Amino acid sequence: MRAMPLLLALLALGACKQLGPQGSSEPVAKFQMPLPTASADTPPDQVVATWAGGKLTYGEVMQEAKGQLIKQEIEYLTQRYATLTRTIDSKVNEALMAEEAKKRGLADADALVEQINQQNTEVTDAEISSFYEENKRRFRGKPLDQVKDAVKGQLVTSKQRDAVNALIEQLRTQAQVDVAIEPPELPRLEVANGPNAARGPEGAPVTIVEFADYQCPYCGRGYENMKAVVQKYPDKVKWYFRDFPLSFHQQAMSYATAATCAGKQGKFWEMHDSLLDNQKTMEAKGGPEGLATELGLDVNAFKACLEDKEVAASIMADMTDAQAVGVTGTPAYFINGIMVSGAQPVENFSAIIDRELETAGQVP
């Protein structure tokens, strides 16, 4: 059986990182997590530290550390699988390219790559102009005539790389490559959905719980990716959003409060989307109150809600719950309990979602 690619980089790829503890670090009962297997031989009541008038048991340590330990276990299993699959693909590709070089009367795979490169050295002026217009910021305002050679070089390199990859893919298809190594079974954490309304259909087989910060730029990227995920799986995914405002983002807490208060008027997702769509233009929009007006909210009720201590407490509860399952930065996602950290591309979500759907007996 060909293994499903699991292209996750769970080491906080593209994430706003929390620099210090936030909220209470006390674990909450709603999270029922298996302890990492390494603890199996150590009794929970074994004393691991003592001091005058006090002691600490192994069970108490594990209760505090289990979220981080499970996160580390996920990272290890994922990186191990990625290393194995990269090695397998590299060896297979080398063998296929060497055989193809032989068929073409070339010395080796390097000679084949050189032949392909020589066949892909031309780009048109239209391609150069289009690339320049799409990437002007990269060239820091320099006119096209000053950077034309650099643009051409990048386009040629890209064309050559694409040509080599296309040949490798063709050779793999012709050779019917079958990679038998299976992706690891990743630990799952039972993560509560939180108080906010869900986006997605009732009974969806895949639930995604996100912890994020409205002021985090990576959360803005993650938001765009999540919209694509929902669009790709319109009847398969239910998305919940929970708050994790980071202390070094000065407006993060007020934005989280605004979304929660909009939710009390039935427009949580509308405010959620507006906050993230306007990350760079909040001042021009008049802040959350300006967005509330645009959304047609009862502004007086909205303003009163912003001062509600219960709203602040609910956001703090989200943060506490996030820390209990190992969240240290934003965005962080739990796909049916499987942790994905950072603003991952859509295909990384799809790798897990497709596998979950197959396990549930549904067509991805």
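Only the coordinates and a few stated rules stand behind these numbers; no lab work does. The shown structure was predicted, so the numbers you read here are calculated from the model rather than taken from an experiment. Heads up, the Cβs are rebuilt from the backbone with ideal geometry, glycines too, and the neighbour counts pull from every protein chain shown.
Couple of notes before you dig in:
- Ordering 329-337, 198-206 by mean Cβ neighbour count within 10 Å, with the highest value first, yields 329-337, 198-206.
- Per-residue HN-Hα couplings for segment 51-56 [Karplus 6.51, -1.76, 1.60; θ = phi - 60°; Hz; x = Gly/Pro]: 7, 4, x, x, 8, 9
- Residue order for V327, V156, fewest other beta carbons within 10 angstrom first, comes to V156, V327.
- Size of charge dipole - the chain - debye, nearest 20, with Cβ of Lys, Arg +1 and Asp, Glu -1, no other charges: 440 debye
- Only Lys, Arg (+1) and Asp, Glu (-1) charged, at Cβ; segment 206-359 dipole about Cα centre in debye: 100 debye
- Segment 293-339 and segment 237-279 have Cα centres separated by 7 Å.
- With both residues required to sit in the chain, DSSP beta bridges show an antiparallel share near 65%.
- Cα centroid separation, segment 147-201 to segment 97-123 (Å): 24 Å
- Along the axis of the charge dipole computed for the chain (Cβ charges of +1 for Lys and Arg, -1 for Asp and Glu, origin at the Cα centre), the listed residues Y132, I352, A284 are led at the positive end by Y132.
- Residue order, fewest to most beta carbons within 10 Å, for E289, E185: E185, E289
- Sorting the Cα pairs of segment 34-185 by distance into bins of 5 Å, from 0 upward, gives 1, 7, 11, 10, 9, 8, 9, 9, 8, 6, 6, 6, 5, 4, 1, 0, 0 percent per bin.
- Sites Q146 and R104 - FRET efficiency at Förster radius 45 Å, r taken between beta-carbons, to 0.05: 0.65
- Within-12-Å neighbourhood charge of L276 [Cβ basis; K, R +1; D, E -1]: -3
- With a simple spin-label model that places each label point 7 Å from the Cα along the Cα-to-Cβ direction, the separation between Q72 and E169 comes to 3.9 nm.
- Placing +1 on each Lys and Arg Cβ and -1 on each Asp and Glu Cβ, with no other charges, gives segment 34-185 a dipole about its Cα centre of roughly 520 debye.
- Peptide packing: for 296-305, 262-271, 241-250, the average count of neighbouring Cβ atoms within 10 Å per residue gives the ranking 241-250, 262-271, 296-305, highest mean first.
- Put simply, when 135-142, 104-111, 190-197 are sorted by average Cβ atoms within 10 angstrom per residue, most first, you get 190-197, 104-111, 135-142.
- Whether segment 69-140 is rounded, prolate or oblate, judged on the alpha carbon gyration tensor where a/c under 1.5 counts as rounded: oblate
- Rounded, prolate or oblate (a/c below 1.5 giving rounded, otherwise prolate when a/b exceeds b/c) for segment 149-263 by Cα gyration tensor: oblate
- Estimated from the Cβ-Cβ distance and a Förster radius of 41 angstrom, the FRET efficiency linking Q231 and D45 is about 0.20.
- Cα-based shape type of segment 206-359, given that a ≥ b ≥ c are square roots of the gyration tensor eigenvalues and the cut on a/c is 1.5: prolate
- Leading residue at positive end of dipole, the chain (Cβ point charges), from F334, S274, A95: A95
- Residue-averaged 222 nm ellipticity for the chain, from DSSP H runs of 4+ at -39500 (n - 2.57), nearest 500: -16500 deg cm²/dmol
- Where (i) 25.3, 81; (ii) 24.5, 88; (iii) 21.2, 82 are the candidate values, the label of the one calculated here for Rg and Dmax of the Cα atoms in Å is (i).
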